[in-house]
Amino acid sequence: MSDVPDVWDRRVAGALALLRQRLTGDYEVDEFGFDRQLTESVFLPMLRPLYRNWFRIEAIGAKQLPEDGPALVVANHSGTIALDALMLAVAVHDEHPSHRFLRLLGADIVFRMPGLSEIARKSGGTLACNPDAERLLKAGELVGVFPEGFKGIGKPFADRYKLARFGRGGFVSAALRTGTPIVPVSIVGAEEIYPLLGNIRPLARLLGAPYFPVTPTFPWLGPLGLVPLPSKWLIEFGEPIPTADMMDSADDPMVVFNLADQVRETIQQALHKLLERRPDAFSA
Amino acid sequence: MSTPSVVVVTGVARHLGAQVAARLAADPRIKQVIGVDLTPPAGELARVLADVDVRQLDMRGPEIALLLADSGAEVVVHLAIVTAVDQQSGGRAAMKEHNVIGTMSLLAACQQAPDMRRLVVRSSTAAYGASFRDPAVFTEDTEPREVPRGGYARDVLDVEGYVRGFRRRRQDVAATVLRFAPFVGPRADTRLTRYFALPVVPTVLGRDPRLQFVHVDDALEVLYRSVVESHAGTFNVAGPGVLTLSQAIRRAGRIAAPVVEPGLSAMASLARRTKMVDFSLDQLDLFVHGRVVDISRLVAEYGFEPRSTAVAFDDFIRGQGYGPLGPDAVRAAEQKILDGIARIRGAR
């Protein structure tokens, strides 16, 4: 016999061993609920086709992220549904030489919803609040934040690639308090996946959602309208902004605002440059 | 600080109280250990308490103040906190009366006790409440965002409130508040351990909370050290690390049955009325939100780290026995499949 069956033997044995570990609870979950094994063997493989074939994502400068140790990854947010956060997590894991995991900070609505809340935790996410952000950074993790929040993700298509306000700059004080470098990230492409044309406010209020989106395909085509448009994506990791010498200024609103503004400007300018490199939103 | 010579332990008719009292009585440096409870310790506990001076009295009455003054008690260990409603002895009203009024009366007596040096109070991580907006890990300084729904959690908050008042009035007494995670152990019999022994374990659909446990022996060790050493302050006591509920059920080899949350709330009230299963809002909140605490303050102050949550839980399961999907059964099934493949392959 050739050695082909051996490969399959090993694969079957590996899959069975994985299944046994899952069935007997023989795996580790960290204090935030991050299940590394599940993320590596289920979540990331599920997202990869979307990353590679659907959005054809090009990641630039993943080497800007530290080899090990903490960094606060700050990115622009868009696209009606937070697919940009998931794609950024895939980019960090697959493109970085040491395959690091991005620990995303999510809005409390994510943790209110059954099912979604558990997927978020198991894939490494936690609630966007300063105690959690600082705890993760102190543990040396890469933490991903989207300071625009719902203002960014739910903005009309006409405002695409215009960064919204950066909230109170809580992310900056978390970085300052732990002396963590901030890595600005610009994501081009997520704006076109569900172009937001309108927002049905009464329905949003009824559902307790921040907005009820109307896109060219949703809700007109029903569930088919949930398929994202296959735009071309570029993700650029910018140069880290060191904060180690500013640790005393974490409570100084002036310093916090200025730094938040600096990060915002950096991302905005990188977005303009990236858009020039991608003249057509649906190019190959 | 020196070891005390007279110690009073409340709640000795229960497992934890009896073990702590016996452990203290075994220490030759302590001259007298007085155990207090409303009901006399039964069966095995009476044997455990052989060297303990057991007094049967109601903490809500005046006798406790007399006892503390006459015995010259230096340390009071307050463990008489009921965690679950017991329908046979008066239900939730009696539980609240016992926990809240009992603590109030005991602390009033402590305030007047001339020889008091230390107070050790059993609390619970339930004091952190349960909310979607909570941080993932609670430190001792985290304030609860919402008043918890469960009766036990509210009692715990009240008890801690009285201890804060006591600290202000008796600044010469070192008060230790220990916030324990749920207890597990090979012989522990609590509501939570009975839950994991159910043939099919109900969970909340779409929720997989992060849980922490503390091994009973480690809880005992921390309580013992709180008496013979001086550790003023509030401390979380839990096994480091986390198990998710689904993971814990799998480790126990049991089968989870997810139920929608309103269904479980209905079950909790049905359980209250029919007294068939023991299930409360305290537990429901834990199973929706989960609860993880930081124990670095405990480790730094006591120089002691409890065994991890996973180790403590496995010890409990070994004592209890695995369910139908235990590790041996699953391993055997895996081997059977691999053998089957090899046989088919060999036949070709």
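Some points to look at:
- The range A:5-21: number of residues that are more than 7 Å from chain B (Cβ to nearest Cβ) and either closer than 11 Å to B:Arg250 by Cβ or touching a residue at least 24 places away in the same chain (Cβ under 8 Å) (or both): 1
- Every residue from the range B:295-332 that is more than 20 Å from B:Leu198 (Cα to Cα) and touching a Lys or Arg at 6+ places or on another chain (Cβ under 8 Å): B:Tyr302, B:Phe304, B:Arg331
- Within the range A:218-236, the only residue that satisfies the criterion of being free of Cβ contacts under 8 Å to residues at least 12 places away in the same chain and touching a helix residue (DSSP H, G or I) at 6+ places or on another chain (Cβ under 9 Å) is A:Pro219.
- Hits in the range B:257-267 - residues which are surrounded by 14 or more Cβ atoms within 10 Å (Cβ to Cβ) and more than 11 Å from chain A (Cβ to nearest Cβ): B:Val259, B:Leu264, B:Ser265, B:Met267
- Residue match in the range B:94-107 (condition: more than 14 Å from chain A (Cβ to nearest Cβ), buried (at least 21 other Cβ atoms within 10 Å of the Cβ) and among the aliphatic types (A, V, I, L, M)): yes
- Test: B:Leu24 is within 25 Å of the chain's Cα centre (by Cα) and among the hydrophobic types (A, V, I, L, M, F, W, C): yes
- Residue match in the range B:315-324 (condition: surrounded by 11 or more Cβ atoms within 10 Å (Cβ to Cβ), modelled with pLDDT of 90 or more and closer than 20 Å to B:Ala256 by Cα): yes
- Flag for B:Thr193 being under 14 Å from B:Ala252 (Cβ atoms) and more than 14 Å from the chain's Cα centre (by Cα): no
- Near pairs, Cβ below 9 angstrom, 6+ apart or cross-chain, from the range B:26-55 (in contact (Cβ under 8 Å) with a residue 60 or more places away in the chain and more than 19 Å from B:Val228 (Cβ to Cβ)) to any residue that is in a loop (DSSP other than H, G, I, E, B) and of a type in the set (S, T, N, Q): none
- Test: B:Tyr302 is surrounded by fewer than 20 Cβ atoms within 10 Å (Cβ to Cβ), within 11 Å of another protein chain (Cβ to nearest Cβ), within 24 Å of the chain's Cα centre (by Cα) and at pLDDT 85 or above: no
- Counting only helices (runs of 4 or more DSSP H) wholly contained in the range B:189-252, the ones carrying 3 or more residues that are under 20 Å from B:Leu286 (Cβ atoms) and within 14 Å of another protein chain (Cβ to nearest Cβ) occupy B:245-251.
- Close pairs from the range B:184-204: first among the basic types (Lys, Arg), partner part of a loop (DSSP other than H, G, I, E, B), Cβ under 6 Å, at least 6 apart: B:Arg191/B:Ala84; B:Arg191/B:Asp278
- Filter pass, A:Glu141 being closer than 17 Å to A:Val185 by Cα, more than 13 Å from the chain's Cα centre (by Cα) and not aliphatic (A, V, I, L, M): yes
- Cross-chain or 6+ apart pairs with Cβ under 6 Å, the range A:244-262 first and part of a loop (DSSP other than H, G, I, E, B), then charged (D, E, K, R) and surrounded by 13 or more Cβ atoms within 10 Å (Cβ to Cβ): A:Ala250/A:Arg177
- Of all residues in the range B:56-82, those that are closer than 21 Å to B:Val228 by Cα and not aliphatic (A, V, I, L, M) total 4.
- Members of the range B:85-109 found to be touching a Lys or Arg at 6+ places or on another chain (Cβ under 7 Å) and not in a loop (DSSP other than H, G, I, E, B), listed by number: B:Gln87, B:Ile101, B:Gly102, B:Ser105
- Screening the range A:122-137 for residues that are assigned to a helix (DSSP H, G or I) and crowded, with 21+ Cβ neighbours inside 10 Å and picking the one that is farthest from the other protein chains (Cβ to nearest Cβ) gives A:Leu137.
- B:Ala332 within 22 Å of the chain's Cα centre (by Cα), in a helix (DSSP H, G or I) and not hydroxyl-bearing (Ser, Thr, Tyr): no
- Once the range A:22-65 is narrowed to residues that are within 14 Å of another protein chain (Cβ to nearest Cβ) and among the charged types (D, E, K, R), the residue that is nearest to A:Asp132 (Cα to Cα) is A:Glu31.
- Here B:Glu140 passes the criteria (1) buried (at least 23 other Cβ atoms within 10 Å of the Cβ); (2) charged (D, E, K, R); (3) at pLDDT 95 or above except the one numbered (1).
- Residue satisfying condition, being touching a residue at least 40 places away in the same chain (Cβ under 8 Å) and among the acidic types (Asp, Glu), within set A:Glu265, A:Glu239, A:Glu276: A:Glu239
- Qualifying residues in the range B:131-159 (those that are out of contact with any Ser or Thr (no Cβ under 6 Å at 6 or more places or on another chain), in contact (Cβ under 8 Å) with a residue 60 or more places away in the chain and outside any loop (DSSP other than H, G, I, E, B)) - the one farthest from the other protein chains (Cβ to nearest Cβ): B:Asp155
The values are calculated or read from the model by the stated rules, or taken from the named source; none is laboratory data. All values derive from a computational prediction rather than experimental measurement. FYI the Cβ positions are ideal-geometry reconstructions off the backbone, even for glycines, and counts take in every protein chain you see.
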